[in-house]
Amino acid sequence: MSIKSNPKIVLVGNPNSGKSSLFNQLTGLNQKVGNFPGVTVDRKVGHCQLDEHARAEIIDLPGLYSLYPKSADEEIVIQSLLDPEHQDYPDVAVVVVDVSNLKRNLLLFTQVRDLGFPTVLALNMVDVATKGGLEVDLEVIKQSFGIQMVPINARTGKGIDDLKHLLGNPLMKECEPFYDMSTSADQVIEAVQNGHHFCNRYRAFQFAMHVDRIPSFQGDTRHKIIDAKYEHQFNEKALQTEDTLGRYKKIGEVIDHALHRRETTTVDWTKRLDSVLTHKVWGYAIFLGVLFLIFQGIFAWASWPMDLIDGVFGATASLLSGLLPSGMLSDLVTEGIIPGLGGILIFIPQIALLFAFIALLEESGYMSRVVFLMDKLMRPFGLNGKSVVPLISGWACAVPAIMAARNIENKRERLITIFVTPFMSCSARLPVYTILIGLVIPETYFLGIFGAQGLVMLGLYTLGVVAALGSAWFLKGRVKDKTRNFLIMEMPTYKWPRWRNVGMTILEKVKAFVLEAGRVILAISIVLWVLATYGPAEDMARAQTEWESQYADQPAISETPEAQAQLASLKLEQSYAGHLGKAIEPTISPLGYDWKIGIALLTSFAAREVFVGSLATLYSVGDSEDELGIRDRLRNEVVPETGEPRYTLALGLSLMVFYAFAMQCMSTLAVTYRETKSIFWPLAQLFFMTGIAYVSALVVYQLLV
Amino acid sequence: MQDQPKNVAQLAKGESGVIAGFSDDELALKLMEMGCLPGETITINFRAPLGDPISVHVLDYNLSIRVREAATIILEP
Ligand SMILES: Nc1nc2c(ncn2[C@@H]2O[C@H](COP(=O)(O)OP(=O)(O)O)[C@@H](O)[C@H]2O)c(=O)[nH]1
């Protein structure tokens, strides 16, 4: 039998067994990205050339401990393994097991194997096991399970070629199950087998177990199975327990033969590190230190590459406006596209750094200690220690953060986490804060070290955390769920992070950001430029005549930059964008905003980071004389009635508070909808958050003005 | 209290016991999947600074469980 030339191969395994490392080893840079706006992150897909004939599609599924899912994460795996219509239904399953914890890892392996896929066992972390004094007899494993297997080191890449070789050749498929259920489920299994044509009893059993989870299972077959389950008293809990215990018993027998222990005198680094990192004083101090380091990274270290990008784009725009023949196209490029692009690319350093930190925390094993430290503190808010991971990731971006809430087993805790995560100040708010702080907060220092600007920034982040926890507390008694909440979580050993894996994560996130979010931002910049350049014909003409009549007797002056700028701003006011902004002005003027800010706010609902780009576009329209930085341009903006600067402390703070709280991100709403499967939650987020934002901004402005 | 079987929450730091069974059916399956099997030895590594959750050692690895969950794991006398 020859194999398909492009088989679908799924990687299955316990969390922390080294699956992502193996995925990176197999696919290298041939990964498809797509976990940003609107695209599912359910799957990480890549390609791997097995040999000269076969190119496999590799799919990395979320980690899980057994075929009985407890969390939304794990459900995904069940669906792709059981539903033949599922896009990720595999031709081959590679089960990755951590040899240093063989017994627990083998439970899932035997279950997947008995489903009847051609299965390969990838024995990972042999080096760790050896260090810990565990010796595995490969031959015994191979004989006992009747499968092909290969020892690998997903970290160094050892054994990967053997694995590829194995996958490139026909695999043996074992029909004999490793463990067979007792007779108590026989009638139901037969009922499933009658409706379908599989020979495999275990698969039929799992079908019956998960009949409600498999979408392609509809109509008659589904009803028959449900009826059979009812008629023959298919007790799910009892059968799951029987399956688990029965398998563990047989696995235990295999392990007794296959695993040899010897005493070692190696230092247990995990134990030593834990005594510091979970210490009652040092533990929290170090956690705070880590958070501080993250801040330091995004504010201090990221600023120089950002300035560089900013400078390059400013220079390019002026260079091009000099080179291109003046006209509409040139304006579109220099006033619409280039500032828009600059507004996207400037985020890259911060996004890269944030995801680098999060990847490091995950890779090293420290993140689970954070969960351990924080669980008790989070519980009064209706959250779980595991909520800390989405909340911290929320500093980078709420979209992946909300998806990270999938591994919270309890429905209520998960919903609350999803709901409050967007309050965490994501990296898209950062440029808004940066520009406003630079504009209205003086560069003074207290006691020589605490800069006022830094303190305000810290304050805004704190505001986000307080809002998140406060809302969680508010929701705690209001969201109903009867299922038990618990925290039963593996504490992996500490590992030195692999830079390659961290690098891949950064690359993946930045690529996704530039491609997906960037597209939205760029499109909006262009639309906005068009709206700000054109308007109803008679209004635009009126602006022109009004301006001309002012200079009718002194045409020479009309050529000065001031006069030209006046024309531009008159025209902008009459443009479509101007009309739109004017329409919402009454609603936002109590907060201190004018119609220009109104336009920027409206466009921000597509994505917050559009704010700066929008302002850049709005203020640079018609201003081709000098390419001032966006900040200087805002600083020069005055209130027409009074001649006072527009961007005062009151306005700046009001805007900052508004951005800190408001729900202004379509992608987040979309992901909340997808994760909660209900229109209620995204709408609640939109109104709740924006309502709080409006009221707080109002209070801030009215108090300060 | 004397006849009541001991559970994992009552163990002190560094103490071990052998798992006999579970007092909560809902959690039992999850705990067993994670390696807390009847007959296995379970040891308390340390408690979180605020007393809860606790880190235990079972089946060659470390597991974090809340005190409330630990109390459902019954030990052999
Ligand atoms: N020593 C050693 N470490 C490994 C091996 N495979 C993976 N790791 C490390 O184990 C940790 C968890 O791996 P990861 O791929 O993130 O696991 P996943 O949660 O299953 O995706 C990472 O720090 C890896 O670098 C291995 O064979 N040996």
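The values are calculated or read from the model by the stated rules, or taken from the named source; none is laboratory data. All of these numbers come straight from a predicted model, not from anything done at the bench. Because the Cβ atoms are built from the backbone with ideal geometry, glycine has one as well, and the counts that use them run over all protein chains shown. Each accessible area value is taken on the protein alone, full model and side chains, heavy atoms only, with ligands, DNA and RNA left out. Shrake-Rupley method; radii C 1.70, N 1.55, O 1.52, S 1.80 Å.
Report the charge-dipole magnitude of segment A:8-178 in Debye, nearest 20, computed about the Cα centre from +1 at each Lys and Arg Cβ and -1 at each Asp and Glu Cβ.
Here segment A:8-178 has a charge dipole of around 400 debye.
Just need the relative contact order of segment A:653-705 here, percent rounded to a whole number, with Cα pairs under 8 Å and 6+ apart.
Relative contact order of segment A:653-705: 55 percent.
I'd like the FRET efficiency for A:Glu559 and A:Thr587, computed as 1/(1 + (r/R0)^6) with the beta carbon distance as r and R0 of 30 Å, rounded to 0.05.
That gives a FRET efficiency of 0.15.
Counting only other chains, and only Cβ atoms inside 10 Å, what mean value do you get across the residues of B:53-60? Walk me through the numbers on the way to the answer.
Details: counts 11, 1, 6, 1, 2, 1, 6, 11.
For this peptide, the per-residue mean of nearby foreign Cβ atoms is 5.
Mean separation of Cα pairs under 8 Å and 6+ residues apart, divided by the residue count of chain A: what relative contact order is that in percent? Don't skip to the end; give the middle numbers.
Working: 1059 pairs, mean separation 83.9, N = 705.
Value for chain A: 12 percent.
Given charges of +1 on the Cβ of Lys and Arg and -1 on the Cβ of Asp and Glu, with all other atoms neutral, how large is the dipole of chain A about its Cα centre, in debye to the nearest 20?
I would put it at about 2540 debye.
Shielding of A:375-381 by partners, i.e. mean partner chain Cβ atoms within 10 Å per residue?
Taking all residues of A:375-381 together, the mean is 3.
With unit charges on the beta carbons (Lys and Arg positive, Asp and Glu negative) and the dipole taken about the Cα centre of the protein assembly as shown, which residue among A:Gln544, A:Thr334, A:Val99 sits farthest to the positive side?
It is A:Val99.
Of all accessible surface on the protein assembly as shown at a 1.4 Å probe, what whole percent is carbon and sulfur?
Carbon-and-sulfur percentage of accessible area, whole number: 60.
Which whole-number percent gives the relative contact order of segment A:8-178, counting Cα pairs below 8 Å spaced six or more residues apart?
It rounds to 24 percent for segment A:8-178.
With each label point set 7 Å from Cα along the Cα-Cβ vector, what nm distance links A:Glu641 and A:Val140?
Each label point is offset 7 Å from its Cα along the Cβ direction, giving 8.6 nm.
Give me the aspartates and glutamates in straight-line cross-link reach of A:Lys271: C-alpha distance below 16 Å, same-chain residues under 8 apart excluded.
In chain and number order, the partners are A:Glu490, B:Glu15, B:Asp60.
Each residue of segment A:372-385 in order: what ³J(HN,Hα) in whole Hz does its phi give by Karplus 6.51 cos²θ - 1.76 cosθ + 1.60, θ = phi - 60°, with x for Gly and Pro?
In residue order, the calculated couplings are 4, 5, 9, 3, 5, 6, 7, 4, x, 8, x, 10, 10, x Hz.
Straight-line reach from A:Lys571: which lysines have Cα under 20 Å away, leaving out those fewer than 8 places along the same chain?
By straight Cα distance, A:Lys571 reaches A:Lys582, A:Lys596.
When you look at the Cβ of every residue in A:427-438, what mean number of other chain Cβ atoms sits within 10 Å?
Counting Cβ atoms of other protein chains within 10 Å of each residue's Cβ and averaging gives 0.
Charges only on Cβ, +1 for Lys and Arg, -1 for Asp and Glu: so what's the dipole of segment B:8-75 about the Cα centre, in debye to the nearest 20?
260 debye
Starting from the Cα-Cα distance between A:Ala300 and A:Leu703, subtract it from 0.36 nm times their residue separation and give me the gain in nm to one decimal.
Net length gain for the segment: 141.9 nm.
Contour minus end-to-end for A:Phe446 and A:Thr130, with contour as 0.36 nm per residue of separation and end-to-end as the Cα-Cα distance?
Working it through step by step, the gained length comes to 108.3 nm.
Cross-link partners among lysines for A:Lys158, C-alpha distance below 19 Å, same-chain residues fewer than 8 apart left out?
Output for A:Lys158: A:Lys19, A:Lys131, A:Lys495.
Checking the table A:Lys8/A:Lys44; A:Lys376/A:Lys476; A:Lys229/A:Lys677 against a 19 Å threshold on Cα-Cα, which pairs fail?
A:Lys229/A:Lys677
Of A:Thr672, A:Val612, A:Gly477, which is farthest along the charge dipole of the protein assembly as shown in the positive direction, counting Lys and Arg as +1 and Asp and Glu as -1 at C-beta?
A:Gly477
What are the ³J(HN,Hα) couplings of segment B:17-33, residue after residue, when phi is run through the Karplus curve with 6.51, -1.76, 1.60 and θ = phi - 60°? Round to Hz, x for glycine and proline.
For segment B:17-33, the Karplus-derived couplings read x, 9, 6, 9, x, 10, 9, 9, 4, 5, 7, 4, 4, 4, 5, 5, 4 Hz, x marking Gly and Pro.
In square angstrom, what is the accessible area per residue of chain A with a 1.4 angstrom probe?
Here the per-residue accessible area is 44 Å².
Have a look at A:Ala208, B:Ser23, A:Ser275 and report the one farthest towards the positive end of the charge dipole of the protein assembly as shown, computed about the Cα centre with Cβ charges (Lys/Arg +1, Asp/Glu -1).
B:Ser23
Summing both sides, how much accessible area is buried between A and B? Use a 1.4 Å probe and give Å² to the nearest 100.
In total, this chain pair buries about 3400 Å².
Which trypsin sites (Lys or Arg not before Pro) in segment A:182-268 pass both tests, a DSSP loop state and at most 14 other beta-carbon atoms within 10 Å?
Loop-located and lightly packed - A:Arg262.
Short version: ³J(HN,Hα) in whole Hz for each residue of segment A:84-101, in order, from phi by Karplus 6.51 cos²θ - 1.76 cosθ + 1.60 (θ = phi - 60°), x for Gly and Pro, what are they?
Values, residue by residue: x, 8, 5, 4, 9, 4, x, 8, 9, 10, 9, 9, 8, 10, 8, 5, 6, 9 Hz.
Long-range amide H contacts for A:Lys158: which residues qualify at under 5 Å (H placed 1.01 Å from N, peptide plane, sequence gap of 5 or more or a different chain)?
Placed amide hydrogens put A:Asn153 under 5 Å from A:Lys158.
Multiply the residue gap between A:Phe680 and A:Ser184 by 0.36 nm, knock off their C-alpha separation, and tell me the result in nm, one decimal place.
174.3 nm
Going by alpha carbons, how many degrees (0 to 90, nearest 10) lie between the helix axis of A:666-676 and the longest principal axis of chain A?
30 degrees
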